[in-house]
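Participant: The structure that follows is given in the form of structure tokens.
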Amino acid sequence: MKKPYMICHMICGVDGRTQTKHWPGVGGRIFEDTVAKIDNEGWIVGRVTMAEFCNPAPRRARKGKFDIPKKDYIAPHKQKTYAIGLDPSGKLHWKVGYVDTEHAVMIVTEKVSTDYLDHLRSAGVSYIFGGKSSINLAKVAEKLHSLLGIKRVTIQGGGSNNGSWLNAGLIDELSLVIMPFADGKPGAQTVFDIEVPEQARKAHTMKLLSMKKYKSNYVWLRYKILN
């Protein structure tokens with residue numbers, strides 16, 4: 001299977017939690033500084049994270065018939081890198097077809113309405129089908145390579161999104177910046193949240209590639225994921 005080399009890049013506190021609400025206001029800057037040092041052609045996030053870059057107002061469904069086939073669609077774009085989000089049911093509301101300097105690409109399922117596909121096209125957003133009613137991440141990885149030519153991509157949260165890619169055996173490397181904070185909030189998201197039955201759970205083995213002190217107070221770890 002041809003797919004991009006996938007690097008999960010995250011920051012977390014010393015307790016492994018990733019919610020930054022109670023941290024001093026440096027988390028976002030440290031994340032952006034470090035991810036900018038990783039060679040990649042785009043980033044992947046879940047629906048909740050991608051919602052931060054979309055129109056917060058609810059989208060009104062329109063009546064009428066939209067004659068749009070449920071096939072992959074790559075919108076015309078000039079951007080060379082990609083902002084990729086998983087939105088199986090088509091809930092996000094878009095105004096434009098880009099996030100900062102990246103072209104927006106949504107991963108959807110055939111559950112989405114043709115009205116929603118027309119909405120994405122009108123905004124200039126590309127979309128790729130990941131399955132009929134749920135997303136097959138292996139299929140998505142193949143399509144990111146074949147349709148967009150992506151060779152390296154970062155996966156950037158949240159915990160459930162990261163966990164899904166890890167559990168599917170598709171993440172090649174983990175890049176993790178340990179922040180000098182501890183939140184300790186019960187039930188808070190961690191770097192990987194894998195929501196499978198206990199009997200199906202397994203540990204994922206990694207090999208340390210590098211470890212360095214970053215700036216004055218952070219530790220940046222890079223791991224190769226072996227299984």
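The values are calculated or read from the model by the stated rules, or taken from the named source; none is laboratory data. Bear in mind the structure is a predicted one, so any value in this text is a computation, not a measurement. Here Cβ is always computed from backbone atoms with ideal geometry, including for glycine, and neighbour counts include all displayed protein chains. Just so you know, the surface numbers come from the protein's heavy atoms only, side chains and all, with ligands and any DNA or RNA stripped out. Shrake-Rupley method; radii C 1.70, N 1.55, O 1.52, S 1.80 Å.
Participant: Between Thr205 and Asp67, how high is the FRET efficiency from 1/(1 + (r/R0)^6) when r is the Cβ-Cβ distance and R₀ = 45 Å? Nearest 0.05. Walk me through the intermediate numbers first.
Facilitator: Working: r = 50 Å, r/R0 = 1.10.
After rounding, the FRET efficiency stands at 0.35.
Participant: Can you tell me the order of 161-169, 203-211, 101-109 when each peptide is scored by its average per-residue count of other Cβ atoms within 10 angstrom, highest first?
Facilitator: Per-residue Cβ counts within 10 Å, averaged per peptide and sorted highest first, yield 101-109, 161-169, 203-211.
Participant: Roughly how many debye, to the nearest 20, is the charge dipole of the chain about its Cα centre, given +1 on each Lys and Arg Cβ, -1 on each Asp and Glu Cβ, and no other charges? Write down the numbers at each step before the final one.
Facilitator: Details: 34 positive and 21 negative charges, 55 e Å.
Roughly 260 debye, rounded to the nearest 20.
Participant: Compute a Gaussian network model of the chain, connecting alpha carbons closer than 10 Å, and tell me which residue from Lys151, Lys213, Lys139 fluctuates the most.
Facilitator: Of the options given, Lys213 has the highest mean-square fluctuation.
Participant: I'd like the distance between the alpha-carbon centres of the stretch 197-227 and the stretch 52-122, rounded to an integer number of Å.
Facilitator: 33
Participant: Quick check: at a probe of 1.4 Å, how many percent of the accessible area of the stretch 125-227 sits on carbon and sulfur atoms?
Facilitator: Details: 2640 of 5140 Å².
Of all accessible area on the stretch 125-227, carbon and sulfur atoms account for 51 percent.
Participant: With the other protein chains left in place, how much accessible area per residue, in square angstrom, belongs to the stretch 135-227 at a 1.4 angstrom probe?
Facilitator: 52
Participant: Could I ask something else about it? For the chain, what Kirkwood radius comes out of the mean inverse Cα-Cα distance, in Å? Don't skip to the answer; put the middle values down first.
Facilitator: Values: mean 1/r = 0.0541 Å⁻¹.
Hydrodynamic radius (Kirkwood, Cα only) of the chain equals 18.5 Å.
Participant: Ok, one more. Stokes-Einstein D for the stretch 20-81 at 20 °C, 1.002 mPa s, Kirkwood Rh over Cα pairs, in µm²/s?
Facilitator: 132
Participant: Once you have the alpha carbon radius of gyration of the stretch 114-213, what is it after dividing by 2.2 N^0.38 Å, with N set to its residue count?
Facilitator: 1.35
Participant: Pick from Ser122, Ser216, Ser175: which is most flexible by mean-square fluctuation in a GNM of the chain where alpha carbon atoms under 10 Å apart are linked?
Facilitator: Highest fluctuation of the listed residues: Ser216.
Participant: Excluding residues on the same chain fewer than 8 positions from Lys207, give the lysines whose Cα lies under 25 Å from its Cα.
Facilitator: Reachable lysines: Lys2, Lys3, Lys37, Lys151, Lys215, Lys224.
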